[in-house]
1. Net charge near residue 447: determine it from the other residues with C-beta under 13 Å of the C-beta of residue 447, scoring Lys and Arg +1 and Asp and Glu -1.
2. R0 = 41 Å: FRET efficiency of residue 491 with residue 368, Cβ-based, nearest 0.05?
3. If you take all C-alpha pairs in segment 326-421, what percent of them are over 15 Å apart?
4. Once you order the gyration tensor axes a ≥ b ≥ c over the Cα atoms, which shape class does segment 145-227 get: rounded for a/c under 1.5, otherwise prolate or oblate by comparing a/b with b/c?
5. Quick one: of 89/154; 48/407; 89/178; 154/410; 410/488; 89/488, which pairs are farther than 29 Å apart, Cα to Cα?
6. With only alpha-carbon atoms in the gyration tensor, what are the semi-axes of the equivalent ellipsoid for segment 181-267, in Å, largest first?
7. What are the ³J(HN,Hα) values, in whole Hz, obtained from phi via the Karplus relation 6.51 cos²θ - 1.76 cosθ + 1.60 with θ = phi - 60°, for each residue of segment 462-472 in sequence order, with x given for Gly and Pro?
8. From the phi angles alone, apply the Karplus equation (6.51, -1.76, 1.60; θ = phi - 60°) to segment 129-145 and give each ³J(HN,Hα) in whole Hz, x where the residue is Gly or Pro.
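Just so you know, all these numbers are worked out from the coordinates, no wet-lab data involved. Owing to the predicted nature of the structure, the values given are computational and were not obtained by experimental measurement. All Cβ positions, even for glycine, are placed from backbone atoms using ideal geometry, and neighbour counts span all protein chains on display.
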Amino acid sequence: MTYELLAAVDLGSNSFRLQVARVVDDQIYPLDGLKETVRLAAGLGQGKLLDGPSQLRAIEALSRFNERLRGFAPDQVRAVATNTLRVAKNAPQFLPQAEAALGFPIEVIAGREEARLIYVGVAHTLPNPSSQQLVVDIGGGSTEFIIGRSFEPKALESLYMGCVAFSLRYFPDGRMDKKSLREAELAARRELETIEHDFRSLGWDEAVGSSGTARALLDIMELNGWSQGALTREGMEKLRAMLLRIGDVNRLGIPGFKSERLPVLAGGFAIMSAVFDAFGIERMGFSEGALRLGVLYDLLGRYHHQDLRDATVLQFMRRYQVDNRQAARVLATALRLLRDLQPSMADDHPDRRLLSWAAQLHEIGISVAHAGYHKHSAYIVGNADMPGFSRMDQSRLARIVLAHRGKLEKVYSASADARDWPLIFCLRLAALLHRSREDFTEMPLRLERAAQGYVLHAQAEWLSGSPLTTASLHEEQRLWALVGTELKLRTQRGRTG
């Protein structure tokens, strides 16, 4: 029997987790796990800036994960960051340090993408995934809600409320009374009002909780003999009475309960109590599957070339009525040009895949308006919910799409990733060459790198017969020169190779 190892890293708002698993017959079997209680959300101060101590705790935790991940190839590891790094204004400055400590790229994922991955993880642990499930995952900085059936989510939402944030705001130092609990529950109910009607309309057969808060609440109920295997309304009421009677979660002495959960227990309880009331829940099961397991199954799909991002791109092409033949022309030419520049690049290289998606989506904005359509395309790609794509994926994709025509200064001033410039060049050139929306019988150009930019070798006969394209190429020379990149155009007789 042979197996492959995969690893998922979850940079949550309360704790960082590493899960190493082996793959056997397309199933994930957890092999090893590490947890570091970082409380990243607690370091998010005024102005939404991460403070120094929280950054240091994060870097130290990721350095320890780095040791466990030594020897893993880049495509065997996926690291995702959630709400705190979504909202922290200094996340762009912190992330390079975090990636250096971990040794692998870190993706900041959107709330609905987090919800999707949570559902993927939970669905793979359910005894009857064909029934309709309501999944609730209370994290440190946000809470995700999903309704799904048979591994397919039907509704995905992420609300900006979490056990760390609520504990700090309403229960400082762990103190709890009726007034603070009522205020916290009302705040959670106000958040839930935005999704309550739609979720109740869809309905569910079973409610399932996942992750730390649900686990902690279930542990307390089971250790006190109030329930077995599920959170119940009766158990929640008994826990409420206990917490109010004690008045301080730090004095909650329950043999067998992990004390590390105490600082965020009050906020998590208030949110879960509001969820029970808003959705009329009497019983909520628990799933060990959560974000990490979902990331592993998603990574397994990519590992076996069943990448959800490909399906998402095709769905967007259908939704926005893309001219498939034109997209295919531009895609083939852009990839041919990239191969000229980087002949050793593998077909599944992330940059090559990014260029492919950009070529397929560069015209989706035409469905909004033809004038300035590249701006509409970039806006859609950068802001829509795109299952499988991280925020950084979408940000890079939007820059490349935006830059496929028009002035380059707008992208240059936006500090495009250095890796994006060759991709931008190839897509611009491919779109320019197929402006007439016709196929080539043979490629009339060959591209190569130069010290200060690029050299374009073109057939003299083709150029003389294509005055509009020739003029456009000269304009490209001018535009690239404005951002400090040299484009040389050299003509030759016969085929360009």
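1. My count for the surroundings of residue 447 gives +4.
2. 0.60
3. So the pairs more than 15 Å apart make up 61 percent of the total in segment 326-421.
4. Oblate.
5. 89/154; 48/407; 89/178; 154/410; 89/488
6. Semi-axis lengths for segment 181-267 are 25, 17, 12 Å.
7. 5, 4, 5, x, 10, x, 5, 5, 4, 5, 5
8. Along segment 129-145, the couplings run x, 6, 7, 7, 10, 9, 10, 10, 10, 8, x, x, x, 8, 10, 9, 10 Hz.
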